[in-house]
1. With axes computed from alpha carbons, what is the tilt in degrees of helix 56-65 against the longest principal axis of the chain, rounded to the nearest 10 within 0 to 90?
2. Rounding to the nearest 20 debye, state how big the charge dipole of region 1-55 is about its Cα centre with +1 on each Lys and Arg Cβ and -1 on each Asp and Glu Cβ.
3. Between the helical axis of 2-17 and the dominant principal axis of the chain, each derived from Cα atoms, what acute angle in degrees is found, rounded to the nearest 10?
4. Assuming 0.36 nm per residue, please report the length gained on full extension of the stretch ASP34 to ASP68 beyond their Cα-Cα distance.
5. Listed highest first by mean packing, meaning other Cβ atoms within 10 Å per residue, what order do 23-33, 44-54 come in?
6. Hey, if you drop one equal point scatterer on each alpha-carbon of the chain and run the Debye formula without solvent, what base-10 log of I(q)/I(0) do you get at q = 0.13, 0.22, 0.25 Å⁻¹?
7. Could you give the nm distance between label points at ALA49 and ASN5, where each point is 7 Å from its Cα heading toward the beta carbon?
Amino acid sequence: MAHVNSRVQKHRDALRVAGLRPVQIWVPDTRRPDFEQECHRQARLVAQADQADAGLQQLLDEAMAEVDGWTE
């Protein structure tokens, strides 16, 4: 086990030397039994909000028109 810990520490040290730092993030637990149901619930809320915003589609269309040539 000590060998693995040493190897991991060496890798972390190299990342720090490269200018990186470790961070901890929390993400939804996709293994929860209610995960799929919650995704559907939130998607419905977003769809309802989009339908209630009359100017949203126009804003998106205008934004998409401005990205031509960005990748060239």
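Read the figures in this text as sums done on the coordinates, not as results from a lab. These numbers were taken from a predicted model, which means no experiment stands behind them. So basically every Cβ, Gly included, is an ideal-geometry build from the backbone, and we count neighbours across all protein chains shown.
1. Helix 56-65 and the main axis of the chain meet at about 70 degrees.
2. Numbers: 9 positive and 7 negative charges, 117 e Å.
Roughly 560 debye for region 1-55.
3. Taking Cα atoms only, the helix is inclined about 60 degrees.
4. On the way: separation 34, 0.36 × 34 = 12.24 nm, distance 4.06 nm.
Full extension of this stretch gives 8.2 nm more.
5. Working: 23-33: 6.4, 44-54: 9.6.
Per-residue Cβ counts within 10 Å, averaged per peptide and sorted highest first, yield 44-54, 23-33.
6. These q points yield log10 I(q)/I(0) values of -0.83, -0.96, -1.05.
7. Simple spin-label model gives 4.6 nm for this pair.
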